[in-house]
Amino acid sequence: LERFYARQLRVSPHVLGHSKAHVGRVVAELVRAAKTQGLQPGPLALSLRGDFVRIGSAYEQHKVRSPDCFDILVPLRLPPHLEPQPRCAEGLGLHGAFVCGLRARGGWPRRYRPFAEGFCVELQGRFHLSSALVLRWFQGHLQRCLGAVRYRLQERCRISLSACPGRPPMLHIVPCSDYVCCHISMAVRLIPAIPIGDALYLTALPPEGPLPTPAPEALWGLNASRQEQRLLSWLKEQAPASSCHLKCLQILKGLRDLRGQGLEEPFSSQWSRVLSSYVLKTALFSLLLQGPLEAWDERFLVERLEDLVLYLRDCLRKQVLMHFFLGNTSLPEAVVLPRFLKEAAPVNLLAAFDGLMLDLTAFQLINTWIQAPHIIRMYSSPRYLRPVPTP
């Protein structure tokens, strides 16, 4: 496990630091240009707020393999009188997710109608902000601003923007050879986000197959990345200096990926969906708060990793793994949650999968742990590994 972590999973702090700094400079330029060239803020405008929020494993110290992909939230500025309206996901056929509408208050003034016609859909006589229309505007707006930014950054890097329908645009950065010492091509997913206060954001739901009307248009998902980062900061303060909790998460992600290479479709795709990085991180959070943090010292790495595997196995068999923040009343007092999260209905992250799939995943998970040395040897050969750039 130690060799597997050191040779294949551990990300060089030097390379990660350079990559994050370079991504931050490029995204700051693009966001600044997009805000300046956007519509003038007002009741009929959709515009960028002017900042951006770094999220994901690269900024939470559990990135694996190579720092070549990053996630950035880009908050938008909205007209007034749009209020979040949590919806029942099960009633809409969306299991294992928190969904929310952004509904216009009753009696919207006539002067807001141009905005409503451009960015909203009408349901039951009320306007709701459309995630599809906002995402389409966001993609086009960034594309229009790319020319000026590309010219200013031509000595540092080459940049381009790509987009798939229904998904956030991807910014591609290729550093110039004489600018940085770590010549890694990076992809940055720029996610338009609707701020709803207390460092909470709504983002477009990922297209996971056919969704019932009006889900694609009128519903948004919740992003609580800032709360996760605060919890990780609190855990870092409370746990031993040599705590292995993030290392356990990295190794488990690595084993999941190796095992997935030996599975056949369609189970291989489902395996990765059931054991998504978010599910693994949620399981780790839940397990960390069940016992003394001193038990996560580095010398207990194998024991804690086995505990995490067994905890996940039990969750899969019971078909229950609750979202860590929604309606959770057992969080430490030091981790203050916004009222919106406290009052939200709990969500079972495994509700989207049938029992047979979860049982099969639980079996394969235990099998992966038992055969970990064999799997590491077999699937770590060059024919299975993608090339990892070196400094």
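Of everything in the stretch 116-128, what is farther than 15 Å from residue 83 by Cβ, out of contact with any Asp or Glu (no Cβ under 7 Å at 6 or more places or on another chain) and hydrophobic (A, V, I, L, M, F, W, C)? Give them in sequence order.
Selection gives 119 alone.
State whether one or more residues within the stretch 56-66 are within 17 Å of residue 193 (Cβ to Cβ), open to solvent by less than 60 Å² (accessible area, probe 1.4 Å) and touching a His at 6+ places or on another chain (Cβ under 7 Å).
Scanning the stretch 56-66, I find no residue that is within 17 Å of residue 193 (Cβ to Cβ), open to solvent by less than 60 Å² (accessible area, probe 1.4 Å) and touching a His at 6+ places or on another chain (Cβ under 7 Å), so the answer is no.
Is it the case that residue 142 is at pLDDT 90 or above, outside any strand (DSSP E or B) and in contact with a Phe, Trp or Tyr (Cβ under 6 Å, 6 or more places away or on another chain)?
Answer is no for this residue.
Does the stretch 60-68 contain any residue that is among the hydrophobic types (A, V, I, L, M, F, W, C) and outside any loop (DSSP other than H, G, I, E, B)?
No, there is no match, as no residue in the stretch 60-68 is among the hydrophobic types (A, V, I, L, M, F, W, C) and outside any loop (DSSP other than H, G, I, E, B).
Listed residues 21, 45, 34, 6; which is over 19 Å from the mean Cα position of the chain (by Cα), closer than 20 Å to residue 139 by Cβ, part of a helix (DSSP H, G or I) and not assigned by the TED database to the domain that holds residue 280? Break it down stepwise before answering.
Numbers: 21 fails: closer than 20 Å to residue 139 by Cβ; 45 fails: part of a helix (DSSP H, G or I); 6 fails: closer than 20 Å to residue 139 by Cβ.
None of the other options fit; the residue is 34.
Report the residue count in the stretch 337-368 for those that are touching a residue at least 24 places away in the same chain (Cβ under 8 Å), not in a helix (DSSP H, G or I) and not hydrophobic (A, V, I, L, M, F, W, C).
3
Might you check whether a residue that is within 30 Å of residue 136 (Cβ to Cβ) and in contact with a helix residue (DSSP H, G or I) (Cβ under 6 Å, 6 or more places away or on another chain) occurs anywhere in the stretch 248-268?
Within the stretch 248-268, not a single residue is within 30 Å of residue 136 (Cβ to Cβ) and in contact with a helix residue (DSSP H, G or I) (Cβ under 6 Å, 6 or more places away or on another chain).
Anything in the stretch 199-222 that is surrounded by 15 or more Cβ atoms within 10 Å (Cβ to Cβ), at pLDDT 80 or above and under 20 Å from the mean Cα position of the chain (by Cα)? List them, or say none.
At the first step, the residues of the stretch 199-222 found to be surrounded by 15 or more Cβ atoms within 10 Å (Cβ to Cβ) are 199-205, 211, 214-222.
Add one more test, that the residue is at pLDDT 80 or above, and what stays is 199-205, 218-222.
The answer is 199, 200, 201, 202, 203, 204, 205, 219, 220, 221, 222.
Out of the residues in the stretch 126-156 that are within 22 Å of residue 219 (Cβ to Cβ) and of a type in the set (A, V, I, L, M), state the one that is surrounded by the fewest Cβ atoms within 10 Å (Cβ to Cβ).
Per the stated criteria, the residue is 133.
The values are calculated or read from the model by the stated rules, or taken from the named source; none is laboratory data. Since this is a predicted model, take the numbers as computed values, not measurements. As a convention, Cβ positions derive from the backbone with ideal geometry for all residues, glycine included, and neighbour counts pool all protein chains shown. Accessible surface is based on the protein model in full, side chains and every heavy atom, while ligands, DNA and RNA are left aside. Shrake-Rupley method; radii C 1.70, N 1.55, O 1.52, S 1.80 Å.
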